[in-house]
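The values are calculated or read from the model by the stated rules, or taken from the named source; none is laboratory data. Please read these numbers as outputs of a predicted model, since none were measured by experiment. Glycine gets a Cβ as well: all are built from the backbone with ideal geometry, and neighbour counts include every protein chain shown. We work out accessible area using only protein heavy atoms, side chains counted, and drop any ligands, DNA or RNA first. Shrake-Rupley method; radii C 1.70, N 1.55, O 1.52, S 1.80 Å.
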Amino acid sequence: MSPFPFLTTLVLLPAGAALVVAILPSGLGERRRRIAAQVIGLAGALGTLALAATIAVRFNIKDAGYQMVSDHAWARSLGVSWYLGVDGISLFLVLLAALLFPVALVAARTRTNLHSYMAWMLLLEAVCIGSFISLDLILFFVFFEASLVPIYFIITGWGFEKRSAAAMKFFVYTFLGSAFLFVGIVVLALIHQHDTGVLTFSLPVLAHTHMPYYVQVLLFLSFTAAFAVKSPVFPFHTWSPDAYAEAPTGGSVVLAAVMAKMGTYGIIRFDLNLFPKASIDLAPLLLTLGVAGIIYGAIVACTQKDLKRMVAYSSLSHIGFIVLGVFALTSEGMAGGVIQMVNHGLIIAVLFLAIGWIYERTATRDVSRLKGLQKPAPLLAALFTVGMLAAIGLPGLNGFVGEFLILLGTFITHRWWAVVAATGVILAALYMLWAYQQAFHGKPEEEAVKRTKDISWPELLVMAPLVGLVIFLGVYPKPVLDRITPSVERLVQRADRAAGVHQPLLSRKVALPASRLHVQHAAHTPGAAVSGYTGYVGASRLRSFWTASPVGSAGVSSAGVGTGALTSAATGNVQYGWTPYGSSRIRHALPYASLLGIASPFYPGGSADRHLGLVTPLTSHCCVAIAGSDTVR
């Protein structure tokens with residue numbers, strides 16, 4: 001328990017600001033009421049951002065569990081509690097929400113009923129953050145469902161021409177999906193009560209509920225249906241292009257950048273914790289949907305002439321990458337999925353804000369009518385270019401980091417899905433560059449385009465932190481990955497235990513110093529103990545391990561592993577050999593050093609095994625492959 005209720009305050013602060021703004025008396029006069037709403041709303045949003053930053057600073061990087069926990073009985077007889085906690089997976093989603101809401105409030109100007117708009121946006125911020133930190137399933141469901149109300153009124157009240165139909169479609173789709181979630185939560189709690197006599201909705205407790213396999217599969221599908229609609233995951237996406245396009249600029253930003261992540265976050269937090277065996281067995285289905293979303297979203301985006309709808313379909317493609325990373329069920333894939341949620345939120349915010357400003361100046365989003373926009377508005381074109389290149393996945397920008405990790409993690413366990421998904425990167429370059437050329441290059445023809453004013457200094461200051469983060473996370477993502485990785489590793493290990501396999505992870509520390517390595521015996525027994533300490537673990541499902549100690553100053557001895565014997569080459573360094581848990585799934589360990597800050601990468605060399613095709617000479621601080629926790633003492 002945290003001595004100060006950081007997380008409770010994080011939810012109540014924007015909710016309280018929303019209440020104050022909503023009840024501002026009309027007797028103040030329209031002008032004073034508008035100013036008061038702006039001041040109180042921005043103060044509440046910026047206060048929430050400051051508190052979220054404080055939580056990030058106080059976050060213990062080495063703790064993989066939930067931190068700053070608040071746990072209070074809410075409805076004791078029903079087993080419901082006010083149970084909040086944050087870990088490396090949820091931390092940066094909280095920060096993302098806390099950053100984007102004040103940006104949306106400042107950048108997306110609203111001229112009518114400002115106090116109502118501010119109140120709905122602040123309430124939406126409270127429930128989005130609450131969803132990311134809830135550890136009680138009923139509490140999560142309350143926040144998850146409550147988010148529908150403010151965004152519905154934001155779209156209908158301040159959206160574009162077809163806003164009513166888009167808002168209704170969004171509400172009905174997501175509400176129907178949530179019905180499956182509620183049924184699944186109740187059934188899971190009743191199963192636990194039947195087994196233990198205790199009614200609870202606590203996630204850590206329910207994670208240990210025993211149930212028949214077919215029940216686990218059905219509950220997994222009920223939870224995933226709700227999360228897939230919310231994300232949205234193909235083919236449950238049909239509400240999203242209309243909702244994104246018809247929502248006001250600020251609403252589009254928070255809907256695509258924050259609310260959509262509630263679905264993918266729910267998959268990670270609840271599906272993998274509560275139904276690990278079903279998650280592994282049904283992973284190919286979700287991987288297929290993710291890849292289908294990547295390709296479908298990219299192809300449809302290529303056909304769009306409306307800039308905002310093009311970005312909406314590109315968002316579907318990016319959500320497909322996130323799903324791909326999560327269900328790769330490797331530490332690097334899942335870490336990539338988590339960081340891609342943050343990266344996509346920043347990228348989509350930059351693009352939607354830029355498109356919103358373009359529409360305010362030209363009254364159109366048609367790329368053919370925007371021809372030559374770069375000439376009168378070069379700064380606006382430059383900002384759009386940064387967002388476009390990040391969405392493509394250009395190295396040096398944040399989109400590359402997430403996609404690289406996702407494809408790497410997926411290639412390790414599901415190679416062909418990764419190969420097909422990689423074509424989405426090519427298609428992204430196609431539709432993004434085409435749209436940019438159509439809208440910004442050439443000679444202006446429309447009078448509205450010729451008279452377009454470039455962005456103002458206040459607009460540039462609003463966009464600066466987003467663009468800065470897009471670049472920073474592309475160049476140096478280590479601070480984020482360092483905090484994500486421990487929680488991701490714990491989750492992947494739980495899934496592996498449920499499936500009865502061992503998943504060594506790229507960033508998992510193990511005990512193997514070169515000074516203490518020794519050959520166990522020539523015919524090594526899987527599961528035998530190894531002692532010592534070294535840097536980080538390489539990437540595959542393995543079942544056995546051998547080591548070779550230096551002999552004199554020039555060579556090494558050799559040892560074998562089971563039936564797939566490996567013979568070490570004389571390199572002067574300690575060498576490691578391994579065989580795959582299932583050679584049809586895993587064929588080699590892959591290098592990954594720079595982004596995680598590992599001291600040394602893999603160095604190709606040594607002799608080849610017919611299963612893995614790789615033996616790696618290593619020093620005491622290099623990446624190594626080992627069998628898993630049962631092989632390390």
Charge dipole (region 250-374, unit charges on Cβ, about Cα centre) - positive-most of V326, F352, I267: F352
Distance-filtered residues of region 220-252 - backbone nitrogen under 17 Å, label point 7 angstrom along V172 Cα→Cβ: 229-230, 236-244
Region 284-318 versus region 173-235: alpha-carbon centroid distance in Å: 28 Å
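Share of region 413-464's accessible area from carbon and sulfur, percent, 1.4 Å?
Of all accessible area on region 413-464, carbon and sulfur atoms account for 67 percent.
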Of all accessible heavy-atom area on region 110-260, the percent that carbon and sulfur account for (1.4 Å): 71 percent
Proximal aspartates and glutamates relative to K277, as straight alpha-carbon distance under 15 Å, when same-chain residues fewer than 8 apart are discounted: D496
Paramagnetic reach from A75 (point 7 Å along Cα→Cβ, amide N under 12 Å) across region 192-225: 201
Per-residue SASA entry for K277, accessible area with 1.4 Å probe, Å² rounded to 10: 60 Å²
Residue order for M262, M211 - accessible surface, 1.4 angstrom probe, largest first: M211, M262
All aspartates and glutamates inside 15 Å of K453 as judged from Cα atoms, apart from same-chain residues fewer than 8 positions distant: E360
Proximal aspartates and glutamates relative to K478, as straight alpha-carbon distance under 18 Å, when same-chain residues fewer than 8 apart are discounted: D63, D87, E332, E403, E489
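With a probe of 1.4 Å, find how much accessible area region 152-221 has per residue, and write the answer as a whole number in Å².
Heavy-atom SASA per residue in region 152-221 reads 54 Å².
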Nearest-10 value in Å² for the accessible area of D454, using the 1.4 Å probe: 40 Å²
Long pairs among K261/K371; K62/K230; K308/K450, criterion Cα-Cα beyond 27 Å: K261/K371; K62/K230
Alpha-carbon centroid distance for the pair region 354-403 / region 47-114, whole angstrom: 30 Å
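If R0 is 41 Å, what FRET efficiency do you get for V39 and V198 from their C-beta distance, rounded to 0.05? Provide the component values of the computation, followed by the final result.
Numbers: r = 48 Å, r/R0 = 1.16.
FRET efficiency, V39 to V198: 0.30.
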More than 32 angstrom apart: percent of Cα pairs within region 1-281: 26 percent
Accessible surface, region 283-490, averaged per residue in Å² (probe 1.4 Å): 33 Å²
Trypsin sites (Lys or Arg not before Pro) restricted to DSSP loop in region 300-394 with at most 16 other C-beta within 10 Å: K305
FRET E, pair L285, R32, Förster distance 51 Å, beta-carbon r, rounded to 0.05: 0.35
